[in-house]
Amino acid sequence: MTTPAARSGTGQPAELFFEDLVPGLTVDLGVVTVDGDEMVAFARRFDPQWYHVDLDLAGESRHGGLIASGFYTVSLFMRAYVDHLLSRAAADASPGLEELRWLAPVRAGDRLAVRVDVMGARPSTARPGLGTVSLTGTMLRLGPDDRPEQEVLRTRFRGWFAARPTEAEPAGPADTPEADLPEADLPEADRPDHGPTGADQPASDPAETRPAETDPAETRPAETRPDEPEQPEGGPAKAEPHD
């Protein structure tokens, strides 16, 4: 029987699992181009500081023009991470991040190369069946020749990923609980204590008719057979009936 397919971060069947995300692995998350209108709209909605939204003030400042909100930049990273890794991987939630740094201003029209590096991986102690993967994400501004010019963002974080499903072996005779076996198939020592009954009980086995234990005070004389002489004293012992 196969374990139900794990879902990727976007809900499709996963093709990458915890075991695939080994330390040292680098995943290319593509190149994103910063859209100026989107950059400003994000800032107006979530981070309306003047150097993000006021073209004139930003132009007169040391920034020399509008710069992106750092949270817009990390949102671009997140989208690339989902599109190029989480959409394929059996991703669960993330327990959080340890570092988020904005290393250089980001501007409209910038082309940013995105990647993620696996730094460590271990089975989760909080979530059985999941593994905790430590990751470093980076964004690098590309020059006209497509060569990296400057790192603009770095983040260190952790993610939970499901372990690869395994196929269970079909149950064989050795895996069948003894309670489910017919009594005839049980080992003799495991049969019910009542033993054979009725016609199956040997008539000549005195061990099956005597009590298991007797009080010394109640011990009876040994069974007398017809061809044995009478007891020296006290008369013949009373013979026990046979089944």
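Going through the range 19-42 one residue at a time, which ones are over 39 Å from the mean Cα position of the chain (by Cα) and of a type in the set (A, V, I, L, M)?
Hits for the range 19-42 are VAL40, ALA41.
Which residues, counting only those in the range 90-102, are more than 31 Å from the chain's Cα centre (by Cα) and crowded, with 16+ Cβ neighbours inside 10 Å?
Listed by number, the list holds a single entry, TRP102.
Any idea which of (1) without any contact (Cβ under 8 Å) to a residue 60 or more places away in the chain; (2) touching a Gly at 6+ places or on another chain (Cβ under 8 Å); (3) β-branched (Val, Ile, Thr) is the one VAL53 doesn't satisfy?
Failed condition: (2).
If you take the residues in the range 52-89 that are over 30 Å from LEU21 (Cα atoms) and of a type in the set (Ser, Thr, Tyr), which one is most open to solvent (accessible area, probe 1.4 Å)?
SER61
Restricting attention to the range 23-51, report how many residues are open to solvent by less than 70 Å² (accessible area, probe 1.4 Å) and either farther than 21 Å from THR136 by Cα or of a type outside the set (Gly, Ala, Ser) (or both).
Summing the residues that are open to solvent by less than 70 Å² (accessible area, probe 1.4 Å) and either farther than 21 Å from THR136 by Cα or of a type outside the set (Gly, Ala, Ser) (or both) in the range 23-51 gives 13.
Do any residues in the range 75-89 that are over 14 Å from GLY159 (Cβ atoms) have Cβ atoms under 9 Å from those of residues that are assigned to a helix (DSSP H, G or I) and open to solvent by 10 Å² or more (accessible area, probe 1.4 Å), where the two are at least six apart or on different chains, and which pairs are they?
Taking only residues 6 or more apart or on different chains, the pairs are SER75/PHE42.
The values are calculated or read from the model by the stated rules, or taken from the named source; none is laboratory data. None of these values were measured; they are calculated from a predicted model. FYI the Cβ positions are ideal-geometry reconstructions off the backbone, even for glycines, and counts take in every protein chain you see. Areas reflect the complete protein model, heavy atoms only, side chains present, ligands, DNA and RNA absent. Shrake-Rupley method; radii C 1.70, N 1.55, O 1.52, S 1.80 Å.
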